[in-house]
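Contents: one structure, followed by commentary.
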Amino acid sequence: MSLEDLYREVILDHYRNPRNRTPLDHPDSSAEGVNPLCGDEVTVELSFDDGTVRAVSVRGQGCSISQSSASMMGHAIKGKTTAEIEELVERFKTMMLSENGVVLDPDHPGATIGELEALAGVRKYPVRIKCANLPWTTLEEALANRPKPEIAR
């Protein structure tokens, strides 16, 4: 099995068996994203515990690329801090926009983004990059919507 075939299987597995789709009872933050050109929809809900994502829900409908990206993203951010998530978002977007898929120096710790690299092949189809990015831009909006902690006076 080639690497491309393996990546295709990862994408299909996340599309057929999406992770983290159960709605959260009382999310700390949420956002909805829609791509009106193709009809992809994503809802991201986050619950935090001491600055770390305790629970995530990512639901929606659309093409296999958008829904697989959403499932993989939800799996990847659970248990991470906001700073770690922001770094992961940056690495993902860099991968999606780079010509050769290089995210960071391969010798740099954390340079890879795990199974999310399966989506690198989407770069061959520029109109589908928006599908893969939709969950990530929705995640950024959910992070921006997060209530700021009160500052003690």
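The values are calculated or read from the model by the stated rules, or taken from the named source; none is laboratory data. Worth saying up front: this structure is predicted, and the values here are computed from it rather than measured. Methodologically, a virtual Cβ is constructed for each residue, glycine included, from the backbone with ideal geometry; neighbour enumeration extends over all protein chains shown.
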| message | Take LYS93 and tell me if it is of a type in the set (Lys, Arg), within 13 Å of the chain's Cα centre (by Cα) and either under 20 Å from ASN20 (Cα atoms) or modelled with pLDDT of 95 or more (or both). | response | no
| task | Identify all residues within the range 1-31 that are modelled with pLDDT of 90 or more and part of a loop (DSSP other than H, G, I, E, B); write none if there are none. | result | ASN17, PRO18, ARG19, ASN20, ARG21, THR22, PRO23, LEU24, ASP25, HIS26, PRO27, ASP28
| said: For a quick check of your reading of the model, give me the residue pairs whose first member lies in the range 27-55 and is within 18 Å of SER66 (Cα to Cα), whose second is of a type in the set (Lys, Arg) and not in a strand (DSSP E or B), with beta-carbon atoms closer than 6 Å and at least 6 apart or on different chains. | reply: ASN35/LYS130
